[in-house]
1. Can you compute 3J(HN,Hα) from phi for each residue in the stretch 40-54, using the Karplus curve 6.51 cos²θ - 1.76 cosθ + 1.60 with θ = phi - 60°, rounded to whole Hz and x for Gly and Pro?
2. Amide H to amide H under 5 Å from Y83: which residues, 5+ apart in sequence or cross-chain, H placed 1.01 Å off N in plane?
3. First measure r as the distance between the Cβ atoms of Y83 and D116, then evaluate 1/(1 + (r/R0)^6) with R0 = 30 Å and state the FRET efficiency to the nearest 0.05.
4. Can you tell me the FRET efficiency between D35 and D57 if r is taken as the Cβ-Cβ distance and R0 is 25 Å, rounded to the nearest 0.05?
5. With every protein chain present, what is the per residue accessible area of the stretch 78-117 (1.4 Å probe, Å²)?
6. With a ≥ b ≥ c the root eigenvalues of the C-alpha gyration tensor of the stretch 61-108, is it rounded (a/c under 1.5), prolate (a/b larger than b/c) or oblate?
7. Between F74 and R42, what is the label-to-label distance in nm when each label sits 7 Å out along the Cα-to-Cβ direction?
Amino acid sequence: MKHAVLMLMLLALPVRAQEVPAPPPSGGSVQEGVDLLERGMRSILDGLVTEMQPAIDGMSRALTGMGPLADQVFALIDNIGNYEAPVILENGDILIRRKPAAPPPLPAPLKEGEVDL
């Protein structure tokens, strides 16, 4: 679950509140051109954020649903540095081999009522 929260934090985009544009100063200065460019870029970015919001919300729901599965996968992997890069076989299977020099994996935690012999 904490991985899903981290992904959401990375995907969050800062959003500025809309500001009422100040009337342009008279005289057509360079600063006026810069202000126009700034307002135009702000308008484009605000529109982009508005368009992307449904996709971000959908991704948030998907990541939230994957939280328990991700927790199970990360419980099996003790340290990602102990594994080689994934290999995709011709049949689509993905192998993630443990490095030969890696320490032995930690034993799986006991379930309630189990006894280690």
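The values are calculated or read from the model by the stated rules, or taken from the named source; none is laboratory data. Since we're looking at a predicted model, the values are computed, not measured. Cβ sites come from the backbone with ideal geometry, for glycine too, and all protein chains shown count toward neighbours. All accessible areas refer to the heavy atoms of the entire protein, side chains included, with ligands and DNA or RNA removed. Shrake-Rupley method; radii C 1.70, N 1.55, O 1.52, S 1.80 Å.
1. x, 5, 4, 5, 4, 5, 4, x, 4, 4, 5, 5, 7, 4, x
2. Excluding prolines and chain starts, which carry no amide H, the hits are K99.
3. Values: r = 26 Å, r/R0 = 0.85.
For R0 = 30 Å, the calculated efficiency reads 0.70.
4. Details: r = 33 Å, r/R0 = 1.32.
Once the sixth-power term is evaluated, E becomes 0.15.
5. On a per-residue basis, the stretch 78-117 sits at 96 Å².
6. Details: a/c = 2.73, a/b = 1.25, b/c = 2.19.
Since a/c reaches 1.5 but b/c is at least a/b, the shape of the stretch 61-108 is classed as oblate.
7. 3.8
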